[in-house]
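Report on one structure; see the data block that follows.
Bear in mind that the values in this text are calculations on the coordinates, not laboratory data. Note that the structure is a prediction, hence the values are computed from the model and not measured. We place every Cβ from the backbone using ideal geometry, glycine too, and count neighbours over all the protein chains shown.
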Amino acid sequence: MTVLSCRDLAVRRQSADSTFSLSVPRLDLRTGDRLALMGQSGSGKSTLINILALAMRPDPQGSLLIRAEGGRKVVDANALWRKGRDDALTRLRRSAFGYVQQVGCLLPFLTVEQNLTFTQTLNGRRSVQDARALAERLGVAGVLKRRPDALSVGQRQRVSIARALAHRPFIVLADEPTASLDRDNAAEVMRLLVEQAQERGVALVVASHDLALCESFGFEIVPAQVLPGAQTVFHREPAGRRPVGGGPSARAEAPRVQ
Ligand SMILES: Nc1ncnc2c1ncn2[C@@H]1O[C@H](COP(=O)(O)OP(=O)(O)OP(=O)(O)O)[C@@H](O)[C@H]1O
């Protein structure tokens with residue numbers, strides 16, 4: 001099932017002394033996909049993750065179709081941005097996506113268990129049992145009653161992964177999820193992220209510098225094509241035109257908005 005489909009998306013980021021522009025002619029995601037956005041520092045990996053996560057508004061042209069409401073509906077998030085539909089964007093953001101950042105970003109005043117059930121509650125599907133089962137799989141069941149400041153960095157990342165999955169999203173976006181960890185911990189956290197994403201059939205997109213790590217976990221690499229004048233293009237060919245080894249998805253046709 002196609003869960004996300006971008007066509008001709010773009011964004012321009014301007015600061016006092018420079019302009020950066022990003023374009024995404026085509027990018028489709030299906031359940032079970034595992035993509036790594038790869039590129040040098042400043043090439044726009046986080047910018048694209050933020051656009052996909054509906055945390056950054058793209059330019060008005062182009063479409064960003066996202067499967068919503070348990071798969072029953074497809075919504076054009078860029079049309080929602082254009083219409084200023086903040087309420088609908090908020091609902092889509094919290095139900096369709098799980099998000100893992102470089103360093104945890106757990107709510108510091110809640111326990112681990114409360115962090116895990118928080119997005120479930122927002123989505124009206126609170127299940128302490130499900131959250132505990134996930135914590136068990138990620139090796140953090142023993143710290144459910146602790147607050148995040150009483151965890152190691154590796155434990156925080158495992159809790160972040162559990163939190164990103166606990167409300168059963170279709171898509172998990174992870175921005176440098178292992179960058180704050182040592183080599184062994186990075187490999188273990190990536191293993192858990194990939195394993196759980198696969199078990200739950202979610203599409204996983206990570207931004208990463210670590211080509212060797214991503215390749216060793218079977219990610220399809222989507223490289224930043226950096227053009228002169230601070231322009232970056234991220235493009236994923238449709239399945240039939242990808243090089244051999246280009247990931248598990250096939251015939252990724254754009255879903256239709258209903
Ligand atoms: N708030 C901002 N205003 C204007 N330009 C910005 C802003 N934040 C980032 N940029 C620019 O956008 C470009 C892309 O940044 P982005 O953080 O997406 O890159 P990245 O590939 O994720 O980098 P890194 O690997 O270092 O995290 C950079 O050239 C950066 O200077």
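Tell me, what is the percent relative contact order of the range 103-158, built from C-alpha pairs under 8 Å that lie six or more residues apart?
49 percent
What is the spread of the Cα atoms of the range 37-166 along each of their three principal axes, largest first, in whole Å?
48, 38, 24
Relative contact order for the range 60-186: what is it in percent, counting Cα pairs under 8 Å that are at least 6 residues apart?
So the answer I get is 30 percent.
Cα to Cα, under 25 Å, and not fewer than 8 places away if on the same chain: which lysines meet these conditions relative to K73?
Excluding near neighbours in sequence, the set is K83.
Each residue of the range 33-42 in turn: what ³J(HN,Hα) in whole Hz from Karplus with 6.51, -1.76, 1.60 and θ = phi - 60°, glycine and Pro shown as x?
Along the range 33-42, the couplings run 5, 9, 10, 10, 7, 10, x, 5, 4, x Hz.
In nanometres, what is the gap between the two model label sites at D59 and V153, each 7 Å from Cα along Cα-to-Cβ?
The answer from the label model is 3.7 nm.
What residues have an amide H closer than 5 Å to that of V202, excluding those fewer than 5 places away on the same chain, when H is modeled at 1.01 Å from N in the peptide plane?
G32
Taking only Cα atoms, what is the 0 to 90° angle, nearest 10, from helix 153-165's long axis to the longest principal axis of the chain?
Roughly 70 degrees, rounded to the nearest 10.
When only C-alpha pairs under 8 Å and at least 6 residues apart count, what is the relative contact order of the chain, in percent?
With pairs under 8 Å counted, the relative contact order is 30 percent.
So what is the 222 nm mean residue ellipticity for the chain from helices alone, if each DSSP H run of at least 4 adds -39500 (n - 2.57) and you divide by all residues, rounding to the nearest 500 deg cm²/dmol?
-9500 deg cm²/dmol
Can you give me the pair-distance distribution of the chain, C-alpha pairs, 5 Å bins, whole percents?
1, 6, 14, 18, 19, 17, 13, 8, 3, 1, 0
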